[in-house]
Each structure stands twice: as C-alpha cells, then as structure tokens.
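This report concerns only the one structure given below.
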Amino acid sequence: WQASPLSVCPREAVQIQLNDEKQEFNKRPTKAGPRSLSHSISQSSTESFTSVGSESSEDDLSPQDKLQSTSKGLSDFCVKNIKQAAFGRKEIEIAQQEMPALMILRKRAGGEKPLAGAKVVGCTHITAQTAVLIETLAALGAQCRWAACNIFSTQNAVAAALAEAEISVFAWKGESEEDFWWCIDRCIDPDNWQPDLILDDGGDLTHLMCKKYPHLFKNIRGIVEESVTGIYRLYQLSKTGKLCVPAMNVNDSVTKQKFDNLYCCKESILDGLKRTTDVMFGGKQVVVCGYGEVGKGCCTALKGLGAVVYITEVDPICALQACMDGLRVTTLSKVVRQVDIIISCTGNKNVITREHFNRMKNGCIVCNMGHSNTEIDLSSLRTAELKWQRVRPHVDHVIWPEGKRVVLLAEGRLLNLCCSTVPSVVLSVSATTQALALIELYNAPQGRYQKDIYLLPKKMDEYVASLHLPMFEAHLTELTDDQASYLGISKHGPFKPNYYR
C-alpha cells in the first residue's frame, strides 16, 4: 500500500492519493464493584426479535459475574452467554452472503497478510455485519479486541460467536452505563496488550484512551473513525492540539455518507418504528430533525408510505434541499403540538428538550436516528413527577401527572440498530472502506501521515463501490480514449474530484 504526496483538502482535512497500481492488494475479568442504579432501566432490555437464539431466559447473572470459557479454553472475553455461539455463527454466515467486498478482500489477500502483526482495538456496534468486518481484519493478519459503542445494539449470539472464534470481545445487550465503560476499559487491557490501531464509532474508545491511557498513543499508528459524532470530537482534539496520532475520517467518505447514512437509514427507519410501535405511517404527521444524509433517507421512506413530513434545519443549504424535495421546513416548536412522530438525526445535543415534551400530544412517538442519545434531553424526563413504564423491549411510556403519555424508543439511542436490523450490503460498503483505511495506516511509511485528520480519495470510494457491482449484475460503461481526453480524466478513474460528496 503506497500513497503519493498529500494535498490539502477543504474542511481542514488532508487527502490521500493512492497509487493506481496498488488499488488492490495482491483472563478472565475481575469482578466489578457495586453497580449504580442510576442507569435507569437499561438492564431490563431484551434481545432483538430477529436475533435467533440470542435470549437466554435463565441467564439473570451479569456477564461480569460468570465464569465462561470457549471450547478452546479462551476466557479473555465477557459476553452474555458463550453457549449462544452456534446461533451467532449462523447469523454471521447469513451476513457474509450480502457483504461481498469484505469476502473479496479475504480472498485477494491470499498468502500476503496486509495487517500481519497489527493489533486493532475496536469500539463499534457488535452485530452480524460488524462481525464480518472483525473477522476479515483477523483473516488479514490482525489481532483484535472489541467492545460495543452502544448499550443496546449488541447481538448477544454474535458476540458469543466472536469469542468462540478467539476474538476478545466485551459486550452484551442492555449494558448499564457503568458496564459500558468497564467493557471499553477491559477491551483496551493496557497491562497486557499494546494496540497499534483504533477503529472507533462515536469516539468513546478514543476519548477513554486519551483521558486514562495517554501513554498508549506513543505506539498507535492511527485512528479510523466512522461517525459524525466521533469526527466532531476528533476535530475538537485537533483544534486544541491534543490529537497526537493521524486519524482517518471515514464518515465523510462517499461510501459512508451516501450508503450507510442514506440508503441504510431509508430502509431501517420504518423497520425500527414498526417493530416497536406497530404504527401505520399513512397520514401521520412526522418531524425529522436534520436533513443530512440520515434525514434524507428517513424522509424518503416516510413520504413513500404517505406520511406528512416536516423538517427542522439550521443549515440553509439543507433546508433549501428539503424545500425542493417538497417538504415543509419549520421549527419544532411550531409543530410539536400536532405531530405524531418526532425523529432526531442531527448529531447535536438537546435537539428535543423538556419544553418540547411538555407540549407534545398524547401518544406522540419520539426516537433518535443519530449515533448518540444526547440529541434528546433525557435527564429532564427523569424527574419525580414523571412516571416511566416499560411496555415492551425498548419501548417506554413517559407519563405526565395529568395522564398524557409520550412513547420513547430505545431510551433515545440509535433506533435502527437497537430495535431492528440494518441491510448487510449497505454496511459492507462502509466496512470495506474502514478495512482499507486501517491497512493504509498500518502500512504507511513513517512520516507519511502527521497528527492530522485525513480523507480517503475518490479512487478508494470508486474501488469499494466496484467490488459490490457484481452482486447486482451491473456492468460499467468504459470511456473511450477520446471521451476521457475530452473530460480530462483517466478512463479508469477517479471519475469525481476529491471534494465531491
């Protein structure tokens, strides 16, 4: 993996130019102390309806309080129930069928292991799809340790299958906040393991390492971050001079924005709402807070089923796009009394406040499609006068003194990954980009990347997209030499400039 000289990109990031010829590559944890009861009712959550074999009704002990080992004697993990591994393996195999690019990477690596000797510490959602990514990294030569970036999104059977495959994984569905940070800390394992690379989703792993183990960064070759929340945090570190290693901004790659954010959310928003509330969308009035790629995907799906959709935005460009798409741009305060569903997807904080909740009508459904639950001001709802009632997994009624009920989904966390599943093929696109970014960081010669944030080039995006075309039986048109000369580009790409998004 070789790259040519760097060029400065807008957005304060640096572009990586890949050489065209190289575009393909030929302990058991200690028992925790007393747990706080302040994490609300997270631990009562049950497994996703679709995760076959993931729920064990007899399992009431915390995973931290159980002695577990794999069939090969590995005990350096902490999952809900290692006996679920066989079910999880089946789910991973199903996901592999829809994730062709990662499987191609495994085959093309052959005897060459581009991540041989690498030690990758990761914090992502632990689902069948991310398991395919983790096992691909292992097939390419990496040693991996993993924790979950969300307390509700882990598929327990999949986590067990990863542990059985000798991946040290620390995650289970329904973790408390204390459990969440314990798992990340245990995953880092600073006394016995020195990571080379960080793969983060949301920045919590990077944050904990900066705060608690800054000395580990002396051997870290780089960070790969895929969420807008995590990228915000990295840019904040960079602006204050605290970013001490190179970082790859996967979030702003076309293969992440247009596929994971847009197409994935377009399909999964309806799935999550249906499974939790059985709501009918035709005629419902819905507010989508934020018209970025996630918001665009959600609105497309909702409009297609006959919902009346309003948009809230701070960006005049996104607001104008919403207007041109036939949506009504307004403020949440103006329509909060009349709408049936409110969806946040801004990446910001306190988008939906207690004042908004007080004005919502009885039965209004509130959910979040952004990475973090900071978009909904949950602390303002945990007061003595409001009663919380769990009515089904990940569905709470917040009840006002006069009897009004607001339906809150997944305690304000990411709806689609907490309450349903997401399309494997879409995640294959962004996961392949993550894998290639890790390979580039690991194999780059010393000095190629500074303590800065880098964007992957369009050549990389196009390569990842091309790996997925065969499953759709798609055939690209090839430019003639004359056409390529007319456009001023190579007939083999890249076909878009580096600033294209």
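The values are calculated or read from the model by the stated rules, or taken from the named source; none is laboratory data. This structure is a prediction, so every number in the text was calculated from the model and none was measured. For neighbour counting, all protein chains shown are included, and Cβ atoms are generated from backbone atoms with ideal geometry for every residue, glycine included.
When residues in the range 453-494 are screened for being loosely packed, with under 15 Cβ neighbours inside 10 Å and part of a loop (DSSP other than H, G, I, E, B), 11 of them pass. Of all the residues in the range 288-303, those that are assigned to a helix (DSSP H, G or I) and not basic (Lys, Arg) number 9. Report, by residue number, each residue of the range 62-90 that is hydrophobic (A, V, I, L, M, F, W, C) and outside any loop (DSSP other than H, G, I, E, B). Selection gives 78, 82, 85, 86, 87.
Within the range 51-87, track down each residue that is at pLDDT below 80 and either among the hydrophobic types (A, V, I, L, M, F, W, C) or buried (at least 18 other Cβ atoms within 10 Å of the Cβ) (or both).
Quick first cut of the range 51-87, residues at pLDDT below 80 only: 51-60.
Across the range 51-87, the qualifying residues are 51, 52, 53, 54, 55.
Scanning the range 208-229 for residues that are under 20 Å from residue 251 (Cα atoms) and either small (Gly, Ala, Ser) or touching a strand residue (DSSP E or B) at 6+ places or on another chain (Cβ under 9 Å) (or both) yields a count of 7. Among the conditions (1) closer than 15 Å to residue 64 by Cβ; (2) assigned to a strand (DSSP E or B); (3) not small (Gly, Ala, Ser), residue 144 misses just one, which is (1). Taking the criterion of being part of a helix (DSSP H, G or I) and either touching a His at 6+ places or on another chain (Cβ under 8 Å) or crowded, with 21+ Cβ neighbours inside 10 Å (or both), the residues of the range 438-452 that qualify are 438, 439, 440, 441, 442.
Which count do you get for residues in the range 399-431 that are within 20 Å of residue 371 (Cβ to Cβ) and of a type outside the set (A, V, I, L, M, F, W, C)? Outline the logic, then answer.
Applying the first criterion (within 20 Å of residue 371 (Cβ to Cβ)) to the range 399-431 yields 408-424, 426-431.
Add one more test, that the residue is of a type outside the set (A, V, I, L, M, F, W, C), and what stays is 411-413, 416, 420-421, 423-424, 428, 430.
Summing the residues that are within 20 Å of residue 371 (Cβ to Cβ) and of a type outside the set (A, V, I, L, M, F, W, C) in the range 399-431 gives 10.
May I ask you to list pairs of residues, at least six apart or on different chains, whose Cβ atoms are under 8 Å apart, with the first in the range 467-489 being more than 30 Å from residue 97 (Cβ to Cβ) and at pLDDT 95 or above and the second being assigned to a helix (DSSP H, G or I) and among the charged types (D, E, K, R)? If the second residue must be assigned to a helix (DSSP H, G or I) and among the charged types (D, E, K, R), no pairs are left.
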